[in-house]
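To start, the structure itself, in structure tokens.
The values are calculated or read from the model by the stated rules, or taken from the named source; none is laboratory data. The structure presented is a predicted model; accordingly, all values stated were derived computationally and were not measured. So basically every Cβ, Gly included, is an ideal-geometry build from the backbone, and we count neighbours across all protein chains shown.
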Amino acid sequence: MDAQQSPDLATPDIARLVQPDRVHKSVYADPAIFDLEMERIFGRAWVYVGHDSQVPNVGDYHQALIGREAVFMVRGPDGAVHVLFNRCPHKGARLVAFPAGNVGKFIRCPFHGWSFRCDGGLHAVPIRDGYQGTRFDINDADFSVRRLPRQAVYRGFVFASLAADGPDLESFLGGIRSSIDNFCDRAPAGEVAVEGGVFRVWQQSNWKIFFENLNDTSHPMVTHESAVNAARAEYRSLPPGTKMPFQLHIIEGNGEPYEFWDKLEMVAFDNGHSYMGAIFTPPTDPVSLAYIATLEAAHGAARAREILQVQRHNSIIYPSCSPHTSFQQLRVIRPIAVDRTLVEIYTFRLKGAPDSLFQRSVVYANVVNSPSSVVMPDDIEVYARCQEGLKTQGGDWVSQHRDAGRDRPIAGGFVGNGLSELPMRNQFRAWAQYMTQDA
């Protein structure tokens, strides 16, 4: 395919852009392909909306994006969480403007005062007499806030789909459900809750570059070299015999050699999901020991050990979010344009665990995931460099050759060694399936 030629997006020829060991650069740089992704991937897949702990009270809402669609979830008087389009059916005004808040007992449009129940149903309209003898009908669904065609909750994690048909949520998640399960099982009370605010980071790059990097183990010692060197220099300045502080440890860990990363496990599931093994050994510091004690008190030593033996770094729930179970983080992906992506980072509290464990999660988020950290800016810089390079005529293809052909099949997916580009190939396997479906 010529470097300047856009593919015929109306035909299954788009499959030619994805080969077993490489993908065409246009999948990252062509706005027409991005438009089709919004229709065929984000218009069909289950997409993460939020966690039900973000709307604990009646009327609480939380905004999100599903592809290009502005939506919000809201807690109703019946206790259920409802996912609605952020549009008044009267004149089209956005119903809620802030990222989160509370609408009260009813959702009230700020334009003409139409009010709606928290499930979207029309409650009342002003000047009711003016509608007599017209086609207006308060019981007509067209005059209610439109609900998402499908929504489902798995252990508190709320997902929705713009497609009326397709696999149910648990079938879609498949093997990656184990990452959500372990996220929640690590809580002595069996539940987690979002706390501590949110970091929002703009990336001048395609959304898929970020997702691929989450399970890319060959970049840390290169991309984060300056951060690793700074952490090591700071540690050397401390008194001899001092144990490396947690804040330095989580930065310095990126400097491990290739041999270390290759020993990790990469597991990829159908629908683009995957996870990589944990890069930090289970800590034995006082914070961790106090937490483990609460887990053992709740479940017994054997069950606690079983839960903690599931050691994972980044998990990928394609195409919308990435839980990090070891430090109770969740990163949410919001594609905005072909070269612009919004990433949101949330911290979670494990219910029943000591407060010190949550505070450590906040520290991790600040040190690693915040816009002002010494780690994330490295990634954002190289993502932007990739996006710029993909616009040039310096080559047509992006390599995914490492360990290609060596993936070992398992039930519902594949497994590979730690340096394998299996997760990237797996994401594009799902990408091609979505993108070549009939419109």
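Summary table below
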item	result
Check on Pro335, buried (at least 22 other Cβ atoms within 10 Å of the Cβ) and touching a Leu at 6+ places or on another chain (Cβ under 6 Å)	no
Flag for Asn182 being under 25 Å from Glu381 (Cβ atoms), surrounded by 15 or more Cβ atoms within 10 Å (Cβ to Cβ) and polar (S, T, N, Q)	no
Contacts under 6 angstrom Cβ, first residue in segment 379-390 being closer than 17 Å to Leu342 by Cα, partner acidic (Asp, Glu), 6 or more apart	Gln387/Asp339
Residue list for segment 348-361, filter: surrounded by fewer than 22 Cβ atoms within 10 Å (Cβ to Cβ) and assigned to a loop (DSSP other than H, G, I, E, B)	Lys351, Gly352, Pro354
Sole residue being of a type outside the set (A, V, I, L, M, F, W, C) and either free of Cβ contacts under 8 Å to residues at least 12 places away in the same chain or over 28 Å from Arg177 (Cβ atoms) (or both), chosen from Asp119, Asp129, Asp52	Asp129
Wholly enclosed helices (runs of 4 or more DSSP H) of segment 192-293 bearing at least 2 residues modelled with pLDDT of 95 or more and surrounded by fewer than 14 Cβ atoms within 10 Å (Cβ to Cβ)	225-236, 258-262
Hits in segment 103-153 - residues which are assigned to a helix (DSSP H, G or I) and more than 28 Å from Phe42 (Cβ to Cβ)	Arg128, Asp129, Gly130, Tyr131
For Asp185: the one exception among (1) among the acidic types (Asp, Glu); (2) over 30 Å from Ser373 (Cβ atoms); (3) in contact with a His (Cβ under 9 Å, 6 or more places away or on another chain)	(2)
Filtered residues of segment 64-77 (kept if buried (at least 19 other Cβ atoms within 10 Å of the Cβ) and part of a strand (DSSP E or B))	Ala64, Leu65, Ile66, Val71, Phe72, Met73, Val74, Arg75
Filter pass, Asn369 being at negative phi and surrounded by fewer than 19 Cβ atoms within 10 Å (Cβ to Cβ)	no
Per-region count, segment 152-179, residues surrounded by fewer than 17 Cβ atoms within 10 Å (Cβ to Cβ) and polar (S, T, N, Q)	1
Residue satisfying all of: in segment 83-124; under 21 Å from Phe159 (Cα atoms) and among the polar types (S, T, N, Q); nearest to the chain's Cα centre (by Cα) among these	Asn86
Tally, over segment 414-439, of residues that are surrounded by fewer than 22 Cβ atoms within 10 Å (Cβ to Cβ) and in contact with an Asp or Glu (Cβ under 6 Å, 6 or more places away or on another chain)	4
Condition check for Val27: under 28 Å from Phe211 (Cα atoms) and either among the small types (Gly, Ala, Ser) or outside any strand (DSSP E or B) (or both)	yes
Odd one out for Pro220, checked against (1) under 16 Å from the mean Cα position of the chain (by Cα); (2) farther than 30 Å from Gly352 by Cβ; (3) not hydroxyl-bearing (Ser, Thr, Tyr)	(1)
Residue count, segment 387-402 (criterion: over 16 Å from Gln203 (Cα atoms) and of a type in the set (A, V, I, L, M))	1
Filter result for Phe159 (among the hydrophobic types (A, V, I, L, M, F, W, C), in a strand (DSSP E or B), at pLDDT 95 or above and touching a Pro at 6+ places or on another chain (Cβ under 9 Å))	no
Of all residues making up segment 152-197, the number that are touching a Leu at 6+ places or on another chain (Cβ under 7 Å) and of a type in the set (Phe, Trp, Tyr)	2
